[in-house]
Amino acid sequence: VAGGGDVLILLDPAFANAFALDLERYGMLVGDDIILEQNPKYQMAGADASYILLDGESFAPHPLIQLSNAMVLLQGVRSVRAVPEKEGLQIQELAKTTANSWAERGYREGIPEPDIGEDDIGSIPLLVVAEVTDPEKIYVGSTALEGQGAENDSAPAVERKAGAKVLVVGSSSIASNAAFSLSQANVDLFLNAIAWMAGEEAQISSRASDDAVASLAMNMLQGLMSIMLCLVIAPGAMLIGAISTWRNRRSR
């Protein structure tokens, strides 16, 4: 990242917490929690509260946010917050849940309930992007593993470049086969994120679904005009034309 490279991170709850803490160097606070949604409009029918739906109102304005009318589907999501005023980085929270959700920190301890003062209650961010404006502010540490000489290993030399992008999502379910098959919006968001990070802005779009069925919506007046055209006007014009042709032939 300090050298100008980009990274996309999809990090599920309860996994790699040490790595999640290390993401603070890029202005990300990844919580050891799981987000639960209580708003029925943003829950999957028949599923538990760990299933979360996001629509257009859930996202902040950003070049990569070009979604279809479908809702983004996630299951098992942890919170991802932006660190305010992190030097060398331009950070933005791109997606949040509704005010009826909470980030459950005691998810390993039985039935989850929102605990005031312990859990984060309200709109919870889960997708954050950071762009490096000053690579000199990005910490680069040792590449040796703990217990394998890390204390004697110096940080590698890096030719620092600005413009790197770091995108963190609090769930890998956004790019699962199940989510892709159920929601076109997941496909749009994932492919748009890749295109934006790769500098291919022309590829950012809301794509047509392979399962979409074309439809024609008409009001009552338009429907009546279509019926008249098909059942009266068009057949009448053909009948008049036929009679006119027959008369012309007889007159000869």
Exercise. Report yes if some residue within segment 120-139 is open to solvent by 90 Å² or more (accessible area, probe 1.4 Å) and aromatic (Phe, Trp, Tyr); otherwise report no.
Key: yes
Practice problem: Those residues that are assigned to a loop (DSSP other than H, G, I, E, B) and either touching a residue at least 40 places away in the same chain (Cβ under 8 Å) or surrounded by 14 or more Cβ atoms within 10 Å (Cβ to Cβ) (or both), I need them from segment 1-19; list them, please. | Solution: 1, 2, 3, 4, 5, 6, 11, 12, 13, 14
Practice problem: For segment 26-53, name all the residues that are in contact with a Phe, Trp or Tyr (Cβ under 7 Å, 6 or more places away or on another chain), at pLDDT 90 or above and either open to solvent by 40 Å² or more (accessible area, probe 1.4 Å) or of a type in the set (S, T, N, Q) (or both). | Solution: none
Quiz item: If you check every pair at least six apart or on different chains, which have Cβ atoms under 6 Å apart with a residue in segment 66-90 that is within 18 Å of residue 125 (Cα to Cα) and modelled with pLDDT of 90 or more first and a residue that is in a loop (DSSP other than H, G, I, E, B) and charged (D, E, K, R) second?
Solution: 76/12; 78/33; 79/33
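Which of the following residues is assigned to a strand (DSSP E or B) and either closer than 30 Å to residue 126 by Cβ or modelled with pLDDT of 85 or more (or both): 239, 189, 229, 167? Write out each step before concluding.
Values: 239 fails: assigned to a strand (DSSP E or B); 189 fails: assigned to a strand (DSSP E or B); 229 fails: assigned to a strand (DSSP E or B).
So the residue among 239, 189, 229, 167 that is assigned to a strand (DSSP E or B) and either closer than 30 Å to residue 126 by Cβ or modelled with pLDDT of 85 or more (or both) is 167.
Between 22, 48, which is over 14 Å from residue 123 (Cα atoms), assigned to a loop (DSSP other than H, G, I, E, B) and charged (D, E, K, R)?
When all the criteria are applied, what remains is 48.
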Practice problem: Hey, can you tell me all the residues within segment 63-107 that are open to solvent by 40 Å² or more (accessible area, probe 1.4 Å) and touching a His at 6+ places or on another chain (Cβ under 9 Å)? | Solution: 92
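The values are calculated or read from the model by the stated rules, or taken from the named source; none is laboratory data. Everything numeric here is computed off the predicted structure, so don't read it as measured data. When we count neighbours, we look across all protein chains shown, and the Cβ atoms used for this are built from the backbone with ideal geometry, even at glycine. To get the accessible areas, we keep the full protein, side chains included, count just its heavy atoms, and leave off ligands, DNA and RNA. Shrake-Rupley method; radii C 1.70, N 1.55, O 1.52, S 1.80 Å.
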